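Data block below; observations after.
The values are calculated or read from the model by the stated rules, or taken from the named source; none is laboratory data. Since this is a predicted model, take the numbers as computed values, not measurements. Here the Cβ is made from the backbone with ideal geometry for all residues, glycine too, and neighbour counts use every protein chain on show. The accessibility values were calculated without ligands, DNA or RNA, using every heavy atom of the protein model including side chains. Shrake-Rupley method; radii C 1.70, N 1.55, O 1.52, S 1.80 Å.
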Amino acid sequence: MARGWWRWAMLAAGMCCLAGWGTARAELFAPNDDAFPAGAAWSAAPHGTMYRANCHGHIGYLFGTLHVGTQAFYPLAPMVDGALAQADKLVVELDTRAQEQAGAAYQRALLRRASYGAGDHIALHVEAATLAALTHALHEAGIALASVDHYKPWLLANLLLGLQLDRSGYQRSAGIDSFLLASAHKRGTPVIELESADSQLALFDTLGERDAERYLNECLRALEDGSALRKSQDIIAAWYSGDPHMIEAQLRAATDGGGLVSDFTRQTLLERRNRAMAGPIAAIIGANKLSFIGVGLLHLPGANGLPALLAQQGCRLERAY
């Protein structure tokens with residue numbers, strides 16, 4: 001069952017407070033080219049947000065994505081499809097197609113970052129009350145603790161958050177990232193990754209034992225009281241609306257909660273990663289005729305968002321919508 005779970009370390013990261021989206025089922029790990037029918041009857045309104053960046057005379061389009069979705073998200077706005085069709089490079093956080101094919105690398109990252117060693121298990125690292133709450137949540141999801149007790153608390157938290165989204169009808173196979181990768185595959189557009197499975201899991205592995213348990217407990221409470229799903233749905237609604245004020249509000253909601261998850265989201269999952277991605281994105285735009293960059297929606301708004309950081313790199317930014 002573990003195959004594909006590591007993606008919840010980023011896709012469901014901080015789902016108690018943040019946008020991570022997808023499905024943990026292995027059969028839905030790889031994007032499905034047939035999941036995005038041409039000529040679908042849904043509205044092609046401008047969802048999310050898109051920026052046009054001019055870096056040293058070269059153009060890149062920066063588009064905010066969701067990592068899960070429904071087919072009601074498609075088709076995307078004509079300006080998005082047009083920019084994607086013209087791009088000579090697609091840039092994403094992680095190429096999940098390539099990661100699925102390179103299974104050995106994923107397994108090494110999972111073992112290195114998210115698993116306990118031989119003979120070790122989660123019961124030796126968390127309080128009895130935490131273990132009882134986790135066991136109950138796993139049971140509700142149809143998973144026996146014994147089958148996953150070699151994984152670290154944050155991975156199990158993200159797994160449960162992702163499964164809740166999956167049960168609520170939001171699937172990774174219909175996420176915007178999957179759509180972008182499927183489109184690039186059909187057109188033969190080269191894909192550039194900004195991160196790796198190991199680098200993404202390593203972010204969570206910076207949590208010490210006490211904080212990893214706190215992360216798990218905060219997420220378990222949010223799952224229990226329904227706030228995890230409500231906050232995820234609020235972010236999805238903000239993306240669907242295309243309203244920049246709603247998107248900004250969701251960034252604040254995700255990062256101003258005062259708990260460990262919101263602080264970790266702000267400092268590590270957003271600001272730290274944004275700083276690491278801004279330079280490479282500017283370089284990629286500057287080296288190609290036209291680039292299309294798809295990153296999670298909450299990487300874009302705010303003073304520490306990617307558009308602001310790209311401007312500091314000497315790029316000229318304008319909002320396409």
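Numbers below:
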| item | result |
| --- | --- |
| The range 223-292: translational diffusion in µm²/s, Stokes-Einstein, Kirkwood Rh over Cα pairs, 10 °C, 1.306 mPa s | 112 µm²/s |
| For a label point 7 Å along the Cα-to-beta-carbon line of A98, residues of the range 147-181 with backbone N under 14 Å | 181 |
| R0 of 30 Å, Cβ-Cβ distance Q233-D81: FRET efficiency to nearest 0.05 | 0.70 |
| For L194, residues with placed amide H under 5 Å, excluding near neighbours | V92, E93, L94 |
| Pair-distance profile P(r), taking every C-alpha pair of the range 176-233, with 5 angstrom steps and integer % | 4, 14, 12, 13, 16, 16, 12, 9, 4, 0 |
| Förster radius 25 Å - calculated FRET efficiency between R275 and Y321 (Cβ-Cβ, nearest 0.05) | 0.45 |
| Burial order of peptide ranges 294-305, 232-243 (average beta-carbon count within 10 Å, highest first) | 294-305, 232-243 |
| For the range 168-181, Karplus couplings with θ = phi - 60° (6.51, -1.76, 1.60), whole Hz, Gly/Pro x | 8, x, 9, 10, 5, 5, 9, x, 5, 4, 4, 4, 4, 5 |
| Simple spin-label estimate for K289 and A118 in nanometres, 7 Å along Cα-Cβ | 5.5 nm |
| For K231, solvent-accessible area (1.4 Å; no DNA, RNA or ligand), Å² | 80 Å² |
| Estimated distance in nm for a label pair at H185 and D256, the labels positioned 7 Å out from Cα along Cα-to-Cβ | 4.0 nm |
| Solvent exposure of the range 143-263 as accessible area per residue, Å², 1.4 Å probe | 39 Å² |
| Sorted largest first, extent of the range 204-321 alpha carbons per principal axis (Å) | 48, 34, 20 |
| Potential lengthening between R210 and D225 on full extension [0.36 nm per residue; Cα-Cα distance subtracted] | 3.1 nm |
| Rounded percent of accessible protein surface that carbon and sulfur make up, the range 220-267, 1.4 Å probe | 50 percent |
| Net charge over other residues, Cβ less than 14 angstrom from the Cβ of Q250 (K, R count +1; D, E count -1) | 0 |
| Those aspartates and glutamates that a straight Cα-Cα span of less than 17 Å connects to K186, excepting residues fewer than 8 apart in one chain | D33, D34, D81, D88, D95, D177 |
| Note, ³J(HN,Hα) from phi for the range 81-87, Karplus 6.51, -1.76, 1.60, rounded to Hz, x at Gly and Pro | 4, x, 5, 5, 5, 8, 5 |
| Vicinal HN-Hα couplings computed from phi for the range 63-69 (Karplus, 6.51 cos²θ - 1.76 cosθ + 1.60; Hz; Gly/Pro x) | 10, x, 10, 10, 8, 9, x |
| Separation of alpha-carbon centers, the range 41-80 and the range 223-270, rounded to whole Å | 20 Å |
| Stretch gain in nm, segment S241-R167, where the contour uses 0.36 nm per residue and the Cα spacing is subtracted | 24.3 nm |
| Accessible surface of the range 93-182 [probe 1.4 Å, protein heavy atoms]: carbon and sulfur percent | 53 percent |
| Long-range amide H partners of I293 with built H, under 5 Å | Y61, L62, F63, V91 |
